[in-house]
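For reference, the structure is listed below as structure tokens.
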Amino acid sequence: MSRVLSLITFSIESCHKDEFLRRAKEELKPYWEANGSERYEVYEEMGPQGPTGRLVELNILSDRDAYQRMSQFVRQAGNLPNVAYRHVREPNFQVMELVV
């Protein structure tokens, strides 16, 4: 069985971090899980020396087709939760397939 992990790592000013985490829980989690993600989480990025100050947004999708559908949805949707992402800087996108 395989899963696709979509990770976005980004910076956010510390004064906006609590607001983003609140919106991630209240708005983004239900939004992404209603639009194709099996699981949505946000974590603090950890490096070898501890927290890096960046956040990691994780979407777990059932397979490659689900990832393609979500990608298409993002390109076409007119109702993306832009307010939650307004202070995000320097995003780094990664997509990985997890085969179990």
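The values are calculated or read from the model by the stated rules, or taken from the named source; none is laboratory data. Only a predicted model underlies this, so the values are computations on that prediction, with no experimental measurement involved. Counting neighbours? That spans all protein chains shown, and the Cβs are built from the backbone with ideal geometry, glycine included.
A few notes on this one:
- Unmet criterion (only one of (1) surrounded by 11 or more Cβ atoms within 10 Å (Cβ to Cβ); (2) in contact with a Phe, Trp or Tyr (Cβ under 7 Å, 6 or more places away or on another chain)) for His16: (2)
- Positions within region 62-94 being more than 23 Å from Glu19 (Cβ to Cβ) and either without any contact (Cβ under 8 Å) to a residue 24 or more places away in the chain or under 13 Å from the mean Cα position of the chain (by Cα) (or both), in sequence order: Asp65, Tyr67, Gln68, Met70, Ser71, Gln72, Arg75, Gln76, Gly78, Gln94
- When each of Glu26, Glu33, Glu38, Glu44 is tested for being loosely packed, with under 15 Cβ neighbours inside 10 Å, without any contact (Cβ under 8 Å) to a residue 24 or more places away in the chain and within 19 Å of Gln94 (Cβ to Cβ), the lone residue that passes is Glu44.
- Region 58-94 - residue that is of a type in the set (A, V, I, L, M) and modelled with pLDDT of 95 or more and, of those, farthest from Tyr40 (Cα to Cα): Leu61
- Listed conditions (1) over 23 Å from Ser2 (Cα atoms); (2) among the hydrophobic types (A, V, I, L, M, F, W, C); (3) surrounded by fewer than 13 Cβ atoms within 10 Å (Cβ to Cβ) are all met by Val100, apart from (1).
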